[in-house]
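Structure first, then comments.
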Amino acid sequence: MSAPRTGPSPDEPLIDVVDLDVRFGEGTTRVQAVRGASLRLSAGRCLALVGESGSGKSALARSLLGLAGPTATVGAGRLSLFGRDALAFGPRDWRALRGRRIGLVAQDALVALDPLRPIGKEIAEPLLVHRVVPRHQAADRVIDLLERVGVPEPVERARSHVHQLSGGLRQRALIASALAAQPGVLIADEPTTALDASVQARILDLLGELTKAGTGLLLISHDLAVVEALADEVAVMRGGRIVEQGPVRDVLDRPRHAYTRALLDAVPGGGPPGAAPPAATGGAPILEVTDVVKEFRGPRGARRTAVAGVSFTLRPGETLGLVGESGSGKSTLARMVLGLLSPDSGDVRLDGAAWSGVSERERRPRRRALQLVPQDPLSAFDPRWSVARIVGEALQTAGVHSRQERREETVRLLEQVGLSAEHLDRRPLALSGGQRQRVAVARALAPRPRLLVCDEPVSALDVSVQAQVLGVLRELQESLDLAMLFISHDLAVVREVCARVMVMKDGRVVESGPVEEVFSAPRDACTRALLEAVPRRAHARHAAEERL
Amino acid sequence: MRPVVRQVAVRLGGALLVVWGAASCAFLVLQLVPGDPVRAVVGANALVDAGQREEIRHHYGLDRPLPVQYVTYLGHLLTGDLGDSYQLQQPVSGVLAQQLRPTAELALYATLLAVLLAVVVTVATSGRARWPRRLSAVVELVVVSTPSFWLGIMLLTLFSFRLGWLPVSDSGDVRSLVLPVITLALPIAAVLTQVMREGLLDALRSPFVLTARARGLTEPAVRSRHALRHAALPALTLAGWFTGTLLSGAVVVENVFARSGIGRVTLQAVTSRDLPLVQGVVALSAVVFVAVGTVVELLCLAVDPRLRGATGVKAA
Amino acid sequence: MSVSPAPRTGPPAGRATEARTTRRPPVSVLLAAAALSLVLLAALVPGLFAHTSATDTDPLQALRPPGSGHWFGTDELGRDVFARIVHGTRYSLAIGAAATGAGVAIAVLWGLAAALSGRLGDTLLMRAADVLLALPGLLLALLVVLITGKGVAGATIAVAFGTAPGFARVVRAQALVVRRSGYVEAAVGLGVQRPLIILRHVLPNTLGPLLVLATVTLGASISTGAALSYLGLGAQPPTPEWGAMLTEGQGFLQQAWWIALFPGLLLVGTVLAVTVLGRYAQNRAEWRAAS
């Protein structure tokens, strides 16, 4: 970037913050989002802020733009931006800095760009506000910028609206608008979240090129793989504090703080591999699925085949992973297995007897044998009910009729999943995400099923909680000898719990086999793409093994 | 071009369905009205013998079987023939056409005033300072809670009887329109302001406004270039409510101010059981509802590109 | 067998949310509640407030302005306006409240029937609601009055039918959401019978949002009821209903502004109080749903 730089000399940091505090609200509703954070960012370097949701990353980043919000109070020992003391800034100073000195790539491009305006206008805005180019040249500059961030057909794209662009192009357009006025620093908030693996890689390349060209990059991410790929330095945040900070190699390979270690271990497949998941213990199959097909009628009568002829069997104690991208038909297949949807052709047999194609009346008494652990437990609980009543309903259908017995049994189940009697009277909203998923497991176990269908049971959870819930599922599966159908879009998660895996694409099974085999020698392109989406923490895993 | 044709066809079909439904509903309701329609025609006190009664029944087609009456009614409706009024002894379509102008005038001015008021108040109260917003919220709440007939009576008392600035009833000049327009517009303006301000505050909280601010935009620029268009969207979706309120309001306001118009005719038709006239009013208001809905839908398309569907450029 | 216990710490915002839920309602809500209690009391025991009759005429006392003897003055027949307002409270409130109640009842049946019946039933029932929604509320009420005839009962039914289609749509939409929700699916997966699922899950979770909406609409229903009476289709003279009193008062605006002023003020106050309470309930419900 050929921006004329005024102010600090090259080795002086562009951003120098000491002891930054950010508070929201007043009095009893006061929340301290950032406590005593210090960081420095120099030209051409990338500093990554890492932490789970709610750790204060975004509040910290926004306070660097003076945009922490109307209820926020920002205080600091030093807040130096481009060599100037930002603590003394008035609104005019901040406006001169925003976009011109520090550009923001906010989270989720779909909502971060004005949906009612074409992206060309959005990108031109910083140019015009800061009078970087005369008005009549703005359009040409927008085309240049779009070309620079790798958007094909920039002239047509400039006239498109955000909703007409794919995820990758949107993100590029957002980066282009942040770059327009040639700022020296770019703040990128989760720039690759929600993007497909291949698109993610290209966005990371683009950001990497920018730092090489001399832009300082403040990267905010919860994804350690992204951090490893881009950052020179990393700061780990938790509860508003920076708990560990240093060069990326040091922090990721030799973490000193316990929380950093927990984050690293929680990356699926990142920790030391455990004992191999159990294979089938044999016996007659519980579930036989033969050639099931399900079509849906789309809008305007178009037919869409969600599941196009899938067959498999599950024996007691067997764990089968079902992997595929969203829309590949996994959930439809699961709903047919659960008897919530009947297949158009083919059949499902439970315990050797017909399960699909029979009436609900016949199915109802047999439903206890298989239970679901849902993706989003919050929506799977009646919001008015307490934990005791939620699990109690399940016990009642399983024939536990005395109130006293139900309560005792509920406590036993809660303890089994790592909760206790103190959670009995809580409502779902008063539980954390991990606790909710544990309650969902407890409810699923209540009728003593022999088959558990887990539909993306951990994808809505933070990584550290993910690891705990996966642990619970695995221990229970082994000790209760449950058969399990485990659905996920994340191969690494499946690898933790399953012995066998099936990969689905467009309603068909494209590959299946023992999980290690599929992992090490994927035959299908789709499987390879899914594997690429797994965070590559090869270096760190190696280090972790050394540590042991 | 085919999808466009299809869309237009679907819209038109939906509109016809609503009008047909409303007309059928009116027909059905009127069959349920107790008492002999002949009495509504000749008045309660008139003495008519059986022969005359039969003649009247025949004249209005009341002697035919119900399905035949229904089909004839729909057929006439298609040609714009709404039958003859029992009371006024002239075609309903003529009565409505004659009364449409004063009501349309009233509704048009009220709409303009309400929109103007709403936009001005929204913009004026969306600044950083909180007290204008609070004050305006209180005023809106009181106005929304004030029944329009009482508002009209009070305006009449103050400006016509006490101060004598404005005429008491319709005198034909523009001054007699002032109070009715204000009475009709104020409650609508209050609701529109509430919705628009809510929309504006929502828009100001959304991520794209953060992006806009992060580009160094001034607050007025953020509002005028980004937020205000978003604030208009929820207000536009109120179209159905808006039409209904205007027509309901017209019934009340025209009676308070003794103005002629559709609203006045509606009440007369109901009190005197002039069934063909009631049917005509129902059909007319369904047509107006559908027409306003279509216009607003087009406005929405103009404001929000997301509703326009796929364009030539395919998303990569 | 046991598994590592879950961490006890909830979300960090936990304390702040608790503080908000236990916070005292704002002053405006307390005022509205107090005002509404007074109005309710007047509706139930008018004798507490007014010692004179609402209907006794006294030609010698006709058209007296507000003063010590008659706080709100007297009307053209010499009846005490204050006493008439107090005694009229019950009619004005009753029309609005009963109509809203009836509207809710009709809507629950209508909406649930649509949501739980097949596609054809759903389409028919909702198209019917669409058609009724296309008509202005007051026009719909006037159509109903044609069938029921004038009077308090007729006006109540008319206002009920005016609100029911809108409510029915909300019920149906909510019932569909609940029916497709994870918890109903979970109950099906457990083998709970269909009637039990409807009773335990669908009905209660549908009713909540509807009741909140009904509270917000109550003010408008009271207002519409009074409008019908004002137009001469609701309560009939000499019943001291507020809307009907306005009609009588309108004839004397030149000489006696007080006859029309005070019933209207009370009407505005009541509707305002109900609206403030309704919105408070709505905000709380939304806030609870969002947290």
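The values are calculated or read from the model by the stated rules, or taken from the named source; none is laboratory data. Note that this is a predicted model, so its numbers are computed, not measured. With ideal geometry, Cβ positions are generated from the backbone for all residues, glycine too; neighbour counts draw on all protein chains shown. Quick note on the areas: whole protein, heavy atoms, side chains included, nothing else; ligands and nucleic acids left out. Shrake-Rupley method; radii C 1.70, N 1.55, O 1.52, S 1.80 Å.
Side notes on the structure shown:
- Options A:105, A:111: the member that is within 12 Å of another protein chain (Cβ to nearest Cβ), within 28 Å of the chain's Cα centre (by Cα) and either over 21 Å from residue B:221 (Cβ atoms) or open to solvent by less than 10 Å² (accessible area, probe 1.4 Å) (or both): A:105
- For the range A:390-426, the set of residues classified as surrounded by fewer than 14 Cβ atoms within 10 Å (Cβ to Cβ) and within 11 Å of chain C (Cβ to nearest Cβ) consists of A:399, A:412, A:420, A:422, listed by residue number.
- Residue count for the range B:125-148 satisfying the condition of being outside any helix (DSSP H, G or I) and either out of contact with any helix residue (DSSP H, G or I) (no Cβ under 8 Å at 6 or more places or on another chain) or surrounded by fewer than 18 Cβ atoms within 10 Å (Cβ to Cβ) (or both): 4.
- For the range A:284-304, residues that are at pLDDT below 85 and either of a type in the set (Val, Ile, Thr) or in contact with a Gly (Cβ under 8 Å, 6 or more places away or on another chain) (or both) total 2.
- Where residue B:270 falls short, out of the listed (1) touching a residue at least 12 places away in the same chain (Cβ under 8 Å); (2) facing another protein chain (nearest Cβ under 8 Å): (1)
- Within the range A:125-155, considering residues that are under 26 Å from residue B:224 (Cβ atoms) and charged (D, E, K, R), the one least open to solvent (accessible area, probe 1.4 Å): A:125
- Top-ranked residue in the range A:156-173 [being over 16 Å from residue B:307 (Cα atoms) and facing chain B (nearest Cβ under 7 Å); ranked as surrounded by the most Cβ atoms within 10 Å (Cβ to Cβ)]: A:169
- Consider the range A:475-494 and keep the residues that are of a type outside the set (A, V, I, L, M) and in a loop (DSSP other than H, G, I, E, B). The one that is most open to solvent (accessible area, probe 1.4 Å) is A:489.
- Pairs meeting the criteria (first residue in the range C:122-151 and within 7 Å of chain B (Cβ to nearest Cβ) and within 23 Å of residue B:15 (Cα to Cα), second residue of a type in the set (A, V, I, L, M) and not in a helix (DSSP H, G or I), beta carbons under 7 Å, at least 6 apart or on different chains) are lacking.
- The criterion of at least 2 residues that are open to solvent by less than 40 Å² (accessible area, probe 1.4 Å) and within 22 Å of residue B:271 (Cβ to Cβ) is met by the following helices (runs of 4 or more DSSP H) wholly inside the range B:1-81: B:2-32, B:37-42.
- Checked against (1) more than 17 Å from residue C:102 (Cβ to Cβ); (2) within 14 Å of chain B (Cβ to nearest Cβ), residue C:219 passes all but a single condition, namely (1).
- Filter pass, residue C:154 being part of a helix (DSSP H, G or I), within 14 Å of another protein chain (Cβ to nearest Cβ) and modelled with pLDDT under 90: no
Okay, residues lined up against (1) open to solvent by 50 Å² or more (accessible area, probe 1.4 Å); (2) within 30 Å of residue A:113 (Cα to Cα); (3) in a helix (DSSP H, G or I):
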site: B:244; (1), (2), (3): no, no, yes
site: B:249; (1), (2), (3): no, no, yes
site: B:252; (1), (2), (3): no, no, yes
site: B:273; (1), (2), (3): yes, no, no
site: B:286; (1), (2), (3): no, no, yes
site: B:290; (1), (2), (3): no, no, yes
site: B:299; (1), (2), (3): yes, yes, yes
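- The set of residues in the range C:232-248 that are free of Cβ contacts under 8 Å to residues at least 60 places away in the same chain and within 10 Å of chain B (Cβ to nearest Cβ) comprises C:246, C:247.
- Any chance residue A:374 is of a type outside the set (Phe, Trp, Tyr), within 14 Å of chain C (Cβ to nearest Cβ), under 28 Å from the mean Cα position of the chain (by Cα) and open to solvent by 10 Å² or more (accessible area, probe 1.4 Å): yes
- Total residues in the range A:379-389, condition at the interface with another protein chain (Cβ under 8 Å from one of its Cβ atoms) and assigned to a helix (DSSP H, G or I): 2
- For residue A:60, the test of being facing chain B (nearest Cβ under 9 Å), in contact (Cβ under 8 Å) with a residue 40 or more places away in the chain, open to solvent by less than 10 Å² (accessible area, probe 1.4 Å) and on the phi < 0 side of the Ramachandran plot is failed.
- Note on the range C:157-249: enclosed helices (runs of 4 or more DSSP H) holding 1 or more residues that are touching a Leu at 6+ places or on another chain (Cβ under 6 Å) are C:182-190, C:203-230.
- Contacts under 7 angstrom Cβ, first residue in the range C:179-202 being more than 7 Å from chain A (Cβ to nearest Cβ) and without any contact (Cβ under 8 Å) to a residue 24 or more places away in the chain, partner of a type outside the set (Val, Ile, Thr) and surrounded by fewer than 17 Cβ atoms within 10 Å (Cβ to Cβ), 6 or more apart: none
- Across the range B:195-204, a minimum of one residue is classified as in contact with a Pro (Cβ under 6 Å, 6 or more places away or on another chain) and part of a helix (DSSP H, G or I).
- The sole residue among B:303, B:290, B:209 that is within 11 Å of another protein chain (Cβ to nearest Cβ), among the β-branched types (Val, Ile, Thr) and in contact with a Gly (Cβ under 9 Å, 6 or more places away or on another chain) is B:290.
- Some residue of the range B:166-177 being closer than 28 Å to residue B:240 by Cα, of a type in the set (Lys, Arg) and away from chain C (no Cβ under 14 Å): no
- Among all residues of the range A:82-91, there is none that is surrounded by 22 or more Cβ atoms within 10 Å (Cβ to Cβ) and within 12 Å of another protein chain (Cβ to nearest Cβ).
Results for (1) free of Cβ contacts under 8 Å to residues at least 12 places away in the same chain; (2) closer than 22 Å to residue C:53 by Cβ; (3) surrounded by 21 or more Cβ atoms within 10 Å (Cβ to Cβ); (4) aliphatic (A, V, I, L, M), shown as yes or no for each residue.
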position	(1), (2), (3), (4)
C:209	no, no, no, no
C:250	yes, no, no, no
C:255	no, no, no, no
C:270	no, no, yes, no
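- Checking the stated criteria, residue B:261 turns out to be touching an Asp or Glu at 6+ places or on another chain (Cβ under 9 Å) and either open to solvent by 20 Å² or more (accessible area, probe 1.4 Å) or modelled with pLDDT of 85 or more (or both).
- Unmet requirement for residue B:152, which otherwise passes all of (1) closer than 23 Å to residue B:243 by Cα; (2) within 13 Å of another protein chain (Cβ to nearest Cβ); (3) open to solvent by 20 Å² or more (accessible area, probe 1.4 Å): (3)
- Filter pass, residue A:452 being at pLDDT 85 or above and hydrophobic (A, V, I, L, M, F, W, C): yes
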